[in-house]
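Right, one structure below, let's go through it.
Please treat every number below as a calculation from the coordinates, not as lab data. Since we're looking at a predicted model, the values are computed, not measured. We place every Cβ from the backbone using ideal geometry, glycine too, and count neighbours over all the protein chains shown.
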Ligand SMILES: Cc1cc2nc3c(=O)[nH]c(=O)nc-3n(C[C@H](O)[C@H](O)[C@H](O)COP(=O)(O)OP(=O)(O)OC[C@H]3O[C@@H](n4cnc5c(N)ncnc54)[C@H](O)[C@@H]3O)c2cc1C
C-alpha cells in the first residue's frame, strides 16, 4: 500500500496542516496585539499544543470541572496527525485516515475553546500567551509543545546545512509532511544503501527507530530491493524490546537489515552522503537522518528549559515547572526520571498527574494527595505479512515521601504475534477515543 491519492490530497489539501505556521491575513501589517478572548474570570487554563498531552489535558480538565474551569486549547496545526502508528502506515499496513483526527469535535463536545493559531511568545509575568490570532491571558498554563530537532549538535549552528539535511533527509519524528516525504523515499528505493540514524537518548519514543527499521525492511522485502538498511545506533544495544527486534531483523529480514551498535555520530555530511561514527564511516544512497531531540521551541522561548539537559525541569509528581508554579509542562517536553517520551505516557501522566494536580489546586486542595500513578504501554509492529507485534508495559507507583514515581513492574513480550498486532490497533483506537470523542 503506497501513498494513495486520497492520502496525498488529504495532506496537501490540509496544507499548512502538517507543520506549517499559520499566517494571518494581516501578516504584513504591523499591528498592536489584540485580545483573542475576553479577560479571564480567574479560572482560565490555557493549554498550548494539541498533541497527545494537550488533547488529554483539555478533555479531562473539562470532564472533571465542567463550567468551573475555562479551558482554552491553542494549536497551530489544522488537523491532528498521530506519530504512534505512523511507522505502521510507513509499512503500508494502515490508511492515513487512521492517524488523523479533528480538533473541533472534542472542543464542541466537552465545551472548551479551540484556537487554531501559532503561539509566538509567552509572557510569564503577565500570564499572557501571544498568538497569531491575538493574545490570551491565563491563570494556569499547561505547556505541551512536544519536541524540536537539535541539528546544532551536528552542524554547529550552520543553519543552511541543517536546512539541507532536514529537506533532503527528513527525520519524521514530528508529525507532518516529513512522514509523507519519508514514505515516498522508502516506497521508491530500488537499490543501494539506506541508512537510519537512531537519535541519542532521551528521545521521543525509545522503540520507534527500531520499529521504523522493521517497517522499512518489510517494504524493501516486498519490493525486492537490491540493497540494505543500515541502522546506526549510538547505544551499545537495542533498547527496549531488544531481543524482539533482533529476532525480527534476523528471522524476517536477514541480509536486509544491518544493525550497528556503538555508532555515535562524529560527523554528518548530507551533501556527500557520508556519516562518520565511532563505529566507522558509512556512505549512503538515501537515509532517514534523526538528530538529537530537545523540548519544543516554545518551552525555550518561555525560558523553562534547563539548557544543560534540553528538557524542562518539573516537579516529579505534578509536572509543575520548577521555575514557575503557574505552569505545568506535559508530554515529551518535560523531564521525569524513568518516564519514556511516548504518546501513551504523555496521555497517562497528563490525565493522572497534571490534570489531577491542577484540579486539586483549583479546588484549594493538596495536589500531591490527588495525583495517581501512570502506566506506559508501547507496541511495536515488526512484520507486515502476517501483521505481528511485540510489546512493553511498565506499571509505576508513587513514592510520595520522595515525591517521585517509581517503576513497580515491567512486562516485555519479545515473541512477536498476530494477537499483539491486533492489540496495537485496539490500543491506538482506545487512546484516540480518550482524546477525541
Ligand atoms: C515514528 C514515531 C512513532 C511513535 N510511536 C509511538 C507508539 O507506538 N506509542 C507511543 O506511546 N508513542 C509513540 N510515539 C511517541 C509520541 O508520538 C510522542 O511521545 C507524543 O506525541 C508526545 O506528545 P506531546 O503532546 O508531548 O507532543 P506532540 O504530540 O508532538 O504535540 C505537540 C503539539 O504542540 C503543537 N505546537 C508546538 N508548538 C506550537 C506553537 N508555537 N503554537 C501552537 N501549537 C504548537 C504541535 O503542533 C503539536 O500538535 C512515536 C513517535 C514517533 C516519531
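Annotations for the structure displayed:
- Cβ-based exposure ranking for 191, 178, in which fewest neighbours within 10 Å come first: 191, 178
- The spacing between region 334-361 and region 372-427, judged by their C-alpha centroids, is 16 Å.
- The residue 399 and residue 426 beta-carbon pair, evaluated with R₀ = 30 Å, returns a calculated FRET efficiency of approximately 0.40.
- Paramagnetic reach from residue 337 (point 7 Å along Cα→Cβ, amide N under 15 Å) across region 386-401: 397-401
- Extended-chain gain in nm, criterion 0.36 nm per residue less alpha-carbon gap, residue 226 and residue 308: 25.2 nm
- Residues 300, 427 in ascending order of nearby Cβ atoms (within 10 Å, fewest first): 300, 427.
- Normalised radius of gyration (Cα atoms, divided by 2.2 N^0.38 Å) for the chain: 0.97.
- Between 0 and 90 degrees, the angle of helix 418-436 with respect to the longest Cα principal axis of the chain falls at about 20 degrees.
- The ranking of 101, 168 by Cβ neighbour count inside 10 Å, starting from the fewest, reads 168, 101.
- With Cα atoms, 0 to 90° folded angle of helix 177-188 axis to the chain main axis: 10
- Ratio of Rg to Rh for region 169-245: 0.95 [Cα atoms; Kirkwood radius as inverse mean 1/r over pairs].
- Chain lengthening between residue 436 and residue 236 when straightened (0.36 nm per residue, less Cα-Cα): 68.1 nm
- Fraction of the pair-distance distribution of region 154-293 above 20 Å, Cα-Cα pairs, percent: 43
- Rounded to two decimals, the Cα-based Rg/Rh of region 234-339, with Kirkwood Rh, is 1.10.
- Angle in degrees between helix 52-65 and the longest Cα principal axis of the chain, rounded to the nearest 10: 30
- Förster-model FRET efficiency, 25 Å R0, residue 105 and residue 67, C-beta, rounded to 0.05: 0.80
- Mean Cα-pair separation over length for the chain, i.e. relative contact order, pairs under 8 Å, 6 or more apart, %: 16
- Potential lengthening between residue 113 and residue 191 on full extension [0.36 nm per residue; Cα-Cα distance subtracted]: 23.1 nm
- Extent along principal axes [Cα atoms of region 85-130; Å; largest to smallest]: 48, 25, 12
- If you wrap the tightest convex hull around every Cα atom of region 84-191 and split its volume per residue, you get 163 Å³.
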